[in-house]
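Structure first, then comments.
Read-outs: derived from the displayed coordinates by stated rules, not from any lab. Given the structure is predicted, the values throughout are model-derived calculations rather than measurements. Every residue, glycine as well, gets a Cβ built from its backbone with ideal geometry; the counts of neighbours run over all protein chains shown.
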Amino acid sequence: MEKELFEAARDAMAKAHAPYSKFPVGAAIRAEDGKIYTGANIENLSFPEGWCAETTAISHMVMAGQRKIMEVAVIAEKLALCPPCGGCRQRLAEFSGASTRIFLCDETGVKKTLALSDLLPHSFETEILG
Ligand SMILES: O=c1ccn([C@H]2C[C@H](O)[C@@H](CO)O2)c(=O)[nH]1
Ligand SMILES: [Zn+2]
């Protein structure tokens with residue numbers, strides 16, 4: 001299962017549009033339906049307009065009607081391990097629970113497994129906004 005998610009993230013990384021940073025990233029989410037939703041980073045000539053691999057994967061999951069992330073795998077071509085950036089941690093938190101697992105991968109497979117609470121402790125939560 002982990003291997004399948006890793007392979008999906010690696011395949012997604014090959015689709016990155018990262019001509020500016022030259023830093024391709026791939027992400028794969030296993031949602032509650034058991035299916036895998038993938039994403040790559042998509043950059044823009046107007047640099048702040050690009051977005052991360054995790055964000056692309058989340059959007060695919062949401063548009064498939066899924067709202068719960070069970071597992072996420074992330075891989076970057078040029079870094080040993082690529083923990084999600086701060087913004088993506090918050091976006092992942094929107095659709096994650098206590099049992100959600102984050103797999104940090106290198107080109108050989110899963111190298112580190114974390115809970116989202118490891119990456120985003122004391123996260124923004126309020127009952128006022130729902
Ligand atoms: O977790 C991360 C960190 C960075 N990037 C992308 C954003 C940008 O396109 C490139 C360099 O930061 O990597 C991701 O996709 N995910
Ligand atoms: Zn990010």
Determine whether S59 is among the hydroxyl-bearing types (S, T, Y) and in contact (Cβ under 8 Å) with a residue 24 or more places away in the chain.
-> no
- Message: One residue is enough: does region 77-93 have a residue meeting the conditions at negative phi, more than 14 Å from ligand 2 (Cβ to nearest atom) and in a strand (DSSP E or B)?
- Response: no
Counting only residues that are outside any helix (DSSP H, G or I), within 12 Å of ligand 1 (Cβ to nearest atom) and either closer than 18 Å to S99 by Cα or aliphatic (A, V, I, L, M) (or both), region 18-60 contains a total of 5
* Does K15 fit the bill of being more than 13 Å from ligand 2 (Cβ to nearest atom), assigned to a loop (DSSP other than H, G, I, E, B), surrounded by fewer than 23 Cβ atoms within 10 Å (Cβ to Cβ) and of a type in the set (K, R)? -> yes
Considering residues that are in contact with a strand residue (DSSP E or B) (Cβ under 9 Å, 6 or more places away or on another chain) and either of a type in the set (D, E) or touching a residue at least 40 places away in the same chain (Cβ under 8 Å) (or both), the number found within region 110-130 is 2
Only one of A31, A80 is of a type in the set (A, V, I, L, M) and more than 15 Å from the chain's Cα centre (by Cα), namely A80
Verdict on T113 being among the hydroxyl-bearing types (S, T, Y), in contact with a Lys or Arg (Cβ under 8 Å, 6 or more places away or on another chain) and away from ligand 2 (no atom under 16 Å from the Cβ): yes
